[in-house]
Amino acid sequence: MAEAAYLEEEFPAAVGETNRLPGERSVSMNIIELDKISKSYTRGKEQLQILKEITLHIAEGDFVAIIGPSGSGKSTLMNTIGLLDSPTSGTYKLDGVSTENMSDNGLAELRNRKIGFIFQQFNLLPRLTALENVELPMIYAGIGAKARKERAQMMLEALGMGQRGHHKPSELSGGQQQRVAIARALAISPSLILADEPTGALDSKTGIEVLELITKLNEEGNTIVLITHDSHIADNAKRVVTLRDGEIIKDVRNAPIPLQVQEAVV
Ligand SMILES: Nc1ncnc2c1ncn2[C@@H]1O[C@H](COP(=O)(O)OP(=O)(O)OP(=O)(O)O)[C@@H](O)[C@H]1O
Ligand SMILES: [Mg+2]
């Protein structure tokens, strides 16, 4: 609390509202609108407040890093944004759609259509080949077998993995597995890509390559929200939001959101 007050003093525009740079568009479409989102768990008689009235709006085409120490609520926030977990209170609009009163099926449908996930541990299914893993979200999306095989192959090729489609995850290096996971995330042309510590399980060289890939996806028009506890990784983002104890204590813009969000290449 004292820390937040201190930061507010030092960065007057940094808490709450997003900073805008000169020349940046003043009207932008927000893909994410979280308003006063709280999340709590009860443990025995105790009430654990994990997220405390978080208000966070993220514009289409932006690249936002969410940083903060372990246990500050980053993954909880990502799970909320990713519709994997619902908040205790507050409102959340994803791409203009209010999510509060949706059924679990409705939320799953929205999630499958709009969000591509990239996780630290890749989360590929071990028994499926790389190609089949990339196909998976397209099966959920109801895309026919021929079209989805073609698209899965195309996505793997775009990520330099075209020759590896028949390999199982265990036959691939960490960096290759993460490329497959990124191909899978992109397969449904999501409105939003959520990455939780995507380089956390990779050696530093491979981590840099994956980060460059994510930066390129943003340049191609994809909106990225990247969770990390590493401020060097966050330096690649256009906006850096810092969480501590379930609150946003700092919100800094490093680069403008592109004026014209281009169509994603892939
Ligand atoms: N299901 C749950 N029940 C009770 N407490 C939980 C639950 N899930 C998370 N928490 C608690 O919420 C807090 C925030 O967890 P979260 O995983 O969001 O942190 P994080 O910032 O992602 O940390 P890390 O950098 O270690 O991944 C932690 O104290 C954690 O113990
Ligand atoms: Mg986490």
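Structure above, values below:
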{"quantity": "Within straight-line cross-link reach of K250, lysines at Cα separation under 24 Å, skipping those fewer than 8 residues along the same chain", "calculated": "K36, K39, K52, K74, K93, K238"}
{"quantity": "Peptides ranked, highest mean first, by Cβ atoms within 10 Å: ranges 152-161, 191-200", "calculated": "191-200, 152-161"}
{"quantity": "P(r), alpha carbons of the chain - 5 Å bins starting at zero, rounded %", "calculated": "1, 6, 13, 17, 19, 17, 13, 8, 4, 2, 1, 0"}
{"quantity": "Radius, Kirkwood style, for the stretch 114-201 when every pair of distinct Cα atoms is counted (Å)", "calculated": "12.6"}
{"quantity": "Ranking of L172, L226 by count of other Cβ atoms within 10 Å, fewest first", "calculated": "L172, L226"}
{"quantity": "Measure of compaction for the stretch 128-266 (Cα Rg per 2.2 N^0.38 Å)", "calculated": "1.12"}
{"quantity": "Value of [θ]222 nm, deg cm²/dmol, for the chain, DSSP H segments ≥ 4, -39500 (n - 2.57) each, nearest 500", "calculated": "-9500 deg cm²/dmol"}
{"quantity": "DSSP loop trypsin sites (Lys or Arg not before Pro) with at most 14 other Cβ within 10 Å excluded, longest remaining stretch of the chain", "calculated": "128-266"}
{"quantity": "Kirkwood-Stokes translational diffusion coefficient of the stretch 36-117, alpha-carbon pairs, 25 °C, 0.890 mPa s, µm²/s", "calculated": "178"}
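Every read-out reported here was derived from the displayed coordinates using simple, explicitly stated rules and does not represent laboratory data. Here the structure is a predicted model, which is why all the values come from computation and not from measurement. Heads up, the Cβs are rebuilt from the backbone with ideal geometry, glycines too, and the neighbour counts pull from every protein chain shown.
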